[in-house]
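J.: Supplied in structure tokens, the structure appears directly below.
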Amino acid sequence: MSNRGKIHKAVIPVAGLGTRFLPATKATPKEMLPVVDKPAIQYVVEEAVAAGINDVLFVTGRNKESLENHFDRSPSLEQTLAERGASDMQAKISGLANLAAMHYVRQGVPMGLGHAVSMAKAHVGNQAFAVLLGDDLVDVKTPILPEMFAAQAKLGGSILALMEVPDDQIHLYGCAAVEPTDNPDIVRVTELVEKPAAGTAPSNLAVIGRYVIDPAVFELLENLAPGRGGEIQLTDALASLINLPAESGGGVHAVIFRGKRYDTGDKLSYLKSVVSIALDREDLGPDLRAWLTSYLAGQI
Ligand code: G1P
């Protein structure tokens, strides 16, 4: 229970090859695919920063230089914008480098999400830390990290975010069995299974890509055998944390997420994310809605 308090480091795994988006991702990281006018990863970093994160470690791999460039200063571009009088855009562009202290570690061999998180051990140290997965975008109007951080400060241990999904989709996620607590939004996690086979899921509560994790996870990850898909699964290490005593960093609770989440992980859900986020924007929403309505009515 010693590991409570302010969470200020986030780990963001970005080493995936993005094969589901080939050929778009042959030379461009999937995290850099635009969602309207920002790369997907920028939404994730901004969400972390809005929740108080000031230190981001990307677990990266080959061909991710453009992601590093995105969060770095770009003197010639900034100068050109200044010369053109585009000071708003210049501020936005230079501000990307100052969102947080950005760090990078290479994963080397892609051996799964648990392996990616294990690469953060030296950087994270002894404090609880956040993990954000780049495929999940959480709507800025319904943030979940603040509630997770508050739960960790109160309960210690690790905190997951769970979302109810239809029964026929639970096999795509980590799945949790839970017990209620006196807070209707917070549950105690009693079992975790990574991508349960059809008909075997203990619930329809899916783990979404936001975690607050006790550093006790690192030792568990080091000793973990490959799980589903032959990969080192973060879910399996979190499952071991459930039964670890609180004084050793154990205990897993979850916040039930009832907000809006976009999935940029496959083509159809990526398209839905782009359309929903654009529809919510003041500058694009009204015109896009009008066009979509006519388009779907076959008038265009
Ligand atoms: C990962 C995790 C899974 C979680 C999901 C959330 O799976 O392994 O437990 O439910 O993210 O997006 P992936 O989608 O990377 O296969």
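The values are calculated or read from the model by the stated rules, or taken from the named source; none is laboratory data. Everything numeric here is computed off the predicted structure, so don't read it as measured data. We place every Cβ from the backbone using ideal geometry, glycine too, and count neighbours over all the protein chains shown. Ligands, DNA and RNA are stripped out before the accessible areas are found, and what is left, the full protein with its side chains, is counted by its heavy atoms. Shrake-Rupley method; radii C 1.70, N 1.55, O 1.52, S 1.80 Å.
J.: Across the range 52-68, what is the total count of residues that are modelled with pLDDT of 95 or more, open to solvent by 50 Å² or more (accessible area, probe 1.4 Å) and either farther than 16 Å from residue 13 by Cα or in a loop (DSSP other than H, G, I, E, B) (or both)?
T.: 1
J.: Any residue in the range 38-51 that is in contact (Cβ under 8 Å) with a residue 24 or more places away in the chain, among the aromatic types (Phe, Trp, Tyr), surrounded by 13 or more Cβ atoms within 10 Å (Cβ to Cβ) and more than 16 Å from the ligand (Cβ to nearest atom)? Working first, answer last.
T.: Just the residues of the range 38-51 that are in contact (Cβ under 8 Å) with a residue 24 or more places away in the chain, to begin with: 39-51.
Imposing the further condition that a residue be among the aromatic types (Phe, Trp, Tyr) reduces the set to 43.
Next, from what is left, pick out any that are surrounded by 13 or more Cβ atoms within 10 Å (Cβ to Cβ): 43.
Restricting the remaining residues to those that are more than 16 Å from the ligand (Cβ to nearest atom) gives none.
Checked against the condition, which is being in contact (Cβ under 8 Å) with a residue 24 or more places away in the chain, among the aromatic types (Phe, Trp, Tyr), surrounded by 13 or more Cβ atoms within 10 Å (Cβ to Cβ) and more than 16 Å from the ligand (Cβ to nearest atom), the range 38-51 yields no hits at all.
Rundown of residues vs (1) out of contact with any Gly (no Cβ under 6 Å at 6 or more places or on another chain); (2) modelled with pLDDT of 95 or more; (3) aliphatic (A, V, I, L, M), yes/no style:
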site	(1), (2), (3)
112	yes, yes, no
117	yes, yes, yes
122	yes, yes, yes
140	yes, no, yes
152	yes, yes, no
170	yes, yes, yes
186	yes, yes, yes
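J.: What number of residues in the range 69-84 are open to solvent by less than 70 Å² (accessible area, probe 1.4 Å) and outside any loop (DSSP other than H, G, I, E, B)?
T.: Taking the range 69-84 and keeping what is open to solvent by less than 70 Å² (accessible area, probe 1.4 Å), we get 70-71, 74, 78, 80-82.
Then drop every residue that is not outside any loop (DSSP other than H, G, I, E, B), which leaves 70, 78, 80-82.
Residues that pass the stated criteria total 5.
J.: Among what's in the range 218-230 and is under 18 Å from residue 121 (Cβ atoms) and within 14 Å of the ligand (Cβ to nearest atom), pick the residue that is least open to solvent (accessible area, probe 1.4 Å). Steps first, please.
T.: Initially, the range 218-230 is screened for residues under 18 Å from residue 121 (Cβ atoms), giving 218-224.
The next check asks that each one be within 14 Å of the ligand (Cβ to nearest atom); those that pass are 221, 224.
Values: 221: 11, 224: 38 Å².
Filtering the range 218-230 for residues that are under 18 Å from residue 121 (Cβ atoms) and within 14 Å of the ligand (Cβ to nearest atom), the one least open to solvent (accessible area, probe 1.4 Å) comes out as 221.
J.: Sticking with this one: Scanning the range 201-212 for residues that are aliphatic (A, V, I, L, M) and within 13 Å of the ligand (Cβ to nearest atom), which turns out most open to solvent (accessible area, probe 1.4 Å)?
T.: Taking the range 201-212 as the starting set, the residues that turn out to be aliphatic (A, V, I, L, M) are 201, 205-208, 212.
If we keep only those that are within 13 Å of the ligand (Cβ to nearest atom) too, we end up with 201, 205-208.
Numbers: 201: 37, 205: 21, 206: 0, 207: 14, 208: 2 Å².
The qualifying residue most open to solvent (accessible area, probe 1.4 Å) is 201.
J.: In addition: In this structure, is residue 261 within 19 Å of residue 10 (Cβ to Cβ) and either of a type in the set (A, V, I, L, M) or open to solvent by 20 Å² or more (accessible area, probe 1.4 Å) (or both)?
T.: Values: within 19 Å of residue 10 (Cβ to Cβ): yes; either of a type in the set (A, V, I, L, M) or open to solvent by 20 Å² or more (accessible area, probe 1.4 Å) (or both): yes.
Considered against the rule, which asks whether it is within 19 Å of residue 10 (Cβ to Cβ) and either of a type in the set (A, V, I, L, M) or open to solvent by 20 Å² or more (accessible area, probe 1.4 Å) (or both), residue 261 comes out as yes.
J.: Would it be correct to say that residue 246 is small (Gly, Ala, Ser), surrounded by fewer than 21 Cβ atoms within 10 Å (Cβ to Cβ) and in contact (Cβ under 8 Å) with a residue 40 or more places away in the chain?
T.: Values: small (Gly, Ala, Ser): yes; surrounded by fewer than 21 Cβ atoms within 10 Å (Cβ to Cβ): yes; in contact (Cβ under 8 Å) with a residue 40 or more places away in the chain: yes.
Here the answer is yes, as residue 246 does meet what is asked.
J.: In the range 101-151, what count of residues is obtained for those that are free of Cβ contacts under 8 Å to residues at least 60 places away in the same chain and not in a helix (DSSP H, G or I)?
T.: The qualifying residues number 7.
J.: Just one of 19, 28 is within 16 Å of the ligand (Cβ to nearest atom) and of a type in the set (S, T, N, Q); which is it? Show your work before the answer.
T.: Numbers: 28 fails: within 16 Å of the ligand (Cβ to nearest atom).
None of the others qualify; the one that does is 19.
J.: Right, here's the next one. I'd like to check something: does the range 78-98 contain any residue that is within 15 Å of the ligand (Cβ to nearest atom) and farther than 22 Å from residue 30 by Cα? Walk me through it before giving the result.
T.: Within the range 78-98, the subset within 15 Å of the ligand (Cβ to nearest atom) is none.
Looking for residues that are within 15 Å of the ligand (Cβ to nearest atom) and farther than 22 Å from residue 30 by Cα, one finds none in the range 78-98, hence no.
J.: Let me ask something else about it. Out of the residues in the range 120-134 that are in contact with a Lys or Arg (Cβ under 8 Å, 6 or more places away or on another chain) and open to solvent by 40 Å² or more (accessible area, probe 1.4 Å), which is farthest from the ligand (Cβ to nearest atom)?
T.: Here the answer is 127.
J.: Identify, please: which residue in the range 172-200 is open to solvent by 80 Å² or more (accessible area, probe 1.4 Å) and either under 9 Å from residue 253 (Cα atoms) or hydroxyl-bearing (Ser, Thr, Tyr) (or both) and is, among those, nearest to the ligand (Cβ to nearest atom)?
T.: 200
J.: Among the numbered conditions (1) under 30 Å from residue 6 (Cα atoms); (2) away from the ligand (no atom under 13 Å from the Cβ); (3) modelled with pLDDT of 95 or more; (4) open to solvent by 30 Å² or more (accessible area, probe 1.4 Å), tell me where residue 256 comes up short.
T.: (4)
J.: Taking the condition farther than 23 Å from residue 110 by Cβ, of a type outside the set (A, V, I, L, M), within 15 Å of the ligand (Cβ to nearest atom) and not in a loop (DSSP other than H, G, I, E, B), does residue 295 pass?
T.: Values: farther than 23 Å from residue 110 by Cβ: yes; of a type outside the set (A, V, I, L, M): yes; within 15 Å of the ligand (Cβ to nearest atom): no; not in a loop (DSSP other than H, G, I, E, B): yes.
Taking the combined requirement at face value, the residue does not satisfy it.
J.: Of the residues 276, 240, which single one is within 15 Å of the ligand (Cβ to nearest atom) and at pLDDT 95 or above? I'd like the intermediate steps shown before the answer.
T.: Details: 276 fails: within 15 Å of the ligand (Cβ to nearest atom).
Answer to the selection: 240.
J.: Of the residues that sit in the range 19-36 and are more than 18 Å from residue 272 (Cβ to Cβ) and more than 15 Å from the chain's Cα centre (by Cα), which one is surrounded by the most Cβ atoms within 10 Å (Cβ to Cβ)?
T.: Only one residue fits best here, namely 29.
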